[in-house]
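Asks: Below are the structure tokens for one structure; questions will follow.
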Amino acid sequence: MSNLIDSSATRITPRRREAAALPDMDSSNSASTLVIAGRIPTVAPQDYVLEARQIAKVYRKGRHEVPVLSDCDFQAQRGQVTAILGQSGSGKSTLLHLLGTLDTPDEGEIYFEGKRIDNLARRKRDRFRNCQLGMIFQFYHLLPEITTLQNVLMPIMIQQGLFSYWRHRVAHRMRAQELLERVGLGHRLTHRPRELSGGEMQRAAIARALIGQPQLLLADEPTGNLDRETGQHILKLLLELNRERGLTIVLVTHDESIADDCDRVIRLEDGRIVA
């Protein structure tokens, strides 16, 4: 069963095989992972939170062109954890940045909830990322001069503006504290990033990504800057958030063991999706 491939060049992981062994009897769950008679069920387009079609990207260095992605199709199914797996230089981070509208493709189209997003004006792309996406990165990107709690609150400040944020600051602060408690940092609210370990900084980054209640979480090598044990704790936290909140997650990794814990795996080699 491990070599079954669907149209998106995905493979069934141990986590997906475990889910398939106990089918979900809730008829409202349209994004079932049940495998019947050796086949992966067809997923209706409305079950895709995010979809990319025929994506291509070329970087230019002077007169030289460096192809990074070519003819890539990608789907993130609602409520699942999808891994983009590949070695360094395979184009996986570039693909994630395109999916998150941090960059634009040279060819192809990207859709979120059925609406095209790759051709949005810059301000609309910024608004989309702030309101609909949560993003975490390998190097955390916490602001060093403010506390853990303030770092988590920053996306809400940007989203709502100072006046609106100030009116609802007590509710926002309570939500940020709850998130930090959930990720195990309730005792680190007033600590600055330099006073946190690598694992704690990544947990703070996860809380920050969730403060806006996003529908989709994009994670670029979320365990890549951590030791294996700490990385496993971070992965476990992400999988728990997926189960508890039905959060759709797309994560980039070069680690096969991490990919095996996800629902779907899409493998990239030399800028192309392969079986």
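Read-outs throughout are calculated quantities, based only on the coordinates presented, and are distinct from any laboratory measurement. It should be emphasised that the depicted structure is a prediction, and the values quoted were computed from it without experimental measurement. Heads up, the Cβs are rebuilt from the backbone with ideal geometry, glycines too, and the neighbour counts pull from every protein chain shown.
Asks: Can you put His97, His64 in order, fewest other beta carbons within 10 Å first? Could you put the intermediate results ahead of the total?
Replies: Numbers: His97 17, His64 7.
Taking fewest neighbouring Cβ atoms as first place, the list is His64, His97.
Asks: In what sequence do Met174, Met201, Met154, Met135 fall when counting other Cβ within 10 Å, fewest first? Before the final figure, lay out the partial values.
Replies: On the way: Met174 10, Met201 23, Met154 15, Met135 20.
So the residues, fewest neighbours to most, are Met174, Met154, Met135, Met201.
Asks: Using a basic spin-label model with each label point 7 Å from the Cα along Cα→Cβ, how many nm lie between Asn130 and Glu269?
Replies: In this crude spin-label approximation the distance works out to 4.3 nm.
Asks: Next question. What residues qualify as long-range amide H neighbours of Gly134, i.e. H under 5 Å apart, gap of 5 or more or another chain, H built at 1.01 Å from N?
Replies: Under 5 Å from the amide H of Gly134: Leu216, Leu217, Leu218.
Asks: Okay, next question. Can you give me the distance in nm between label points at Arg122 and His233, each placed 7 Å from the Cα along the Cα-to-Cβ direction?
Replies: 4.0
Asks: For the stretch 108-259, what log10 I(q)/I(0) values come out of the Debye formula at q = 0.13, 0.21 1/Å, with one point per alpha carbon and no solvent?
Replies: -0.61, -1.42
Asks: Here's another thing I want to ask about it. Taking the number of other C-beta atoms within 10 Å as the exposure measure, put Tyr59, Tyr48 in order starting with the fewest.
Replies: Details: Tyr59 12, Tyr48 20.
Going from sparsest to densest Cβ surroundings: Tyr59, Tyr48.
Asks: Apply the Debye scattering formula to the stretch 183-275, with a single equal point scatterer on each alpha-carbon and no solvent, then give log10 I(q)/I(0) at q = 0.14, 0.20 Å⁻¹.
Replies: Normalising to I(0) and taking log10 leaves -0.55, -1.05.
Asks: For Thr82, what is the net charge nearby, where nearby means another residue's Cβ is under 9 Å from its Cβ and Lys, Arg count +1, Asp, Glu -1?
Replies: Numbers: positive: Arg264; negative: Asp263.
So the surrounding residues net to 0.
Asks: On average over all directions, what projected area in square nanometres does the stretch 225-275 have, based on the convex hull of its Cα atoms? The partial results should precede the final answer.
Replies: Details: hull surface 16.6 nm².
Seen from a random direction, the Cα hull of the stretch 225-275 projects 4.2 nm² on average.
Asks: Turning to a different aspect of this structure: Compactness ratio of the stretch 10-274: Cα Rg over 2.2 N^0.38 Å, N = residue count? Show your work: numbers first, answer last.
Replies: Working: Rg = 18.8 Å, N = 265, 2.2 N^0.38 = 18.3 Å.
Cα Rg divided by the expected 2.2 N^0.38 Å: 1.02.
Asks: Could you rank the peptides 244-250, 215-221 by their average count of other C-beta atoms within 10 Å per residue, with the highest value first? Don't jump to the answer; show the numbers that get you there.
Replies: Details: 244-250: 18.0, 215-221: 22.3.
Those peptides, ordered most packed to least, come out 215-221, 244-250.
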